[in-house]
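Have a look at the structure below, then the notes.
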Amino acid sequence: MVDHRWLVIYEGKGANSNDSYANIQAQLKGYGSALANGRWCYAIAAKGRTCKNFKFVRYDMFELKPMRIHNNGVQILDGHNIQDLNPFDIENDANAVADIMVYITNNQPQ
């Protein structure tokens, strides 16, 4: 069992990989299953130069909670269909990706 206070899990694939974001997110859920009940961490799914960011909460009804930029801040969605969110392009959406990384750094589990 992983019991770190602060943890970011990452799974990345090449741009030409046959893996879909759904497959990558399933892998992240598998990694997150090592967390204790009620514990949480951040998760990053990447494919090529795109990425999706999540808060993972072990045993929550919606374990992967997508993160997006909304009204100039980071919003964590609960129960949203995670397949509907477009991934960030790390070049074209560099400011949004940076904002999420700052949020992750400043909002660590206690």
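The values are calculated or read from the model by the stated rules, or taken from the named source; none is laboratory data. These figures come from a predicted structure and were not determined experimentally. Cβ coordinates were reconstructed from backbone atoms using ideal geometry, including for glycine residues, and neighbour counts include every protein chain displayed. The accessibility values were calculated without ligands, DNA or RNA, using every heavy atom of the protein model including side chains. Shrake-Rupley method; radii C 1.70, N 1.55, O 1.52, S 1.80 Å.
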Report task. Would you please calculate the Kirkwood hydrodynamic radius of the chain over all C-alpha pairs and express it in Å, rounded to one decimal? Result -> 14.1 Å
Query - Paired Rg and Dmax values of region 15-70, which use every Cα atom, in angstrom - result: 11.7, 36
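Just by accessible area at a 1.4 angstrom probe, what is the order of ILE69, ILE90 from largest to smallest?
Accessible-area ranking of ILE69, ILE90, largest first: ILE90, ILE69.
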Report summary line: With every protein chain kept in place and a 1.4 Å probe, the chain has an accessible area per residue in Å² of 58 Å²
Query raised in the report: Which residue, chosen from LEU35, ASN92, PHE62, occupies the Cα position most advanced towards the positive end of the dipole of region 6-110, where the dipole is computed from +1 (Lys, Arg) and -1 (Asp, Glu) charges on Cβ about the Cα centre?
Result: LEU35
**Report entry** LEU7, LEU64, reordered so the largest accessible area comes first (probe 1.4 Å)
**Finding:** LEU7, LEU64
Query raised in the report: In debye to the nearest 20, how big a dipole does the chain give about its Cα centre with +1 on each Lys and Arg Cβ and -1 on each Asp and Glu Cβ?
Result: 220 debye
Report task. Please go through region 6-110 and write out the chymotrypsin sites (Phe, Trp or Tyr not before Pro) that DSSP classes as loop and that have at most 16 other C-beta atoms within 10 Å. Result -> TRP6, TYR59, PHE62
Query - the chain - percent of accessible surface contributed by carbon and sulfur, probe 1.4 Å - result: 46 percent
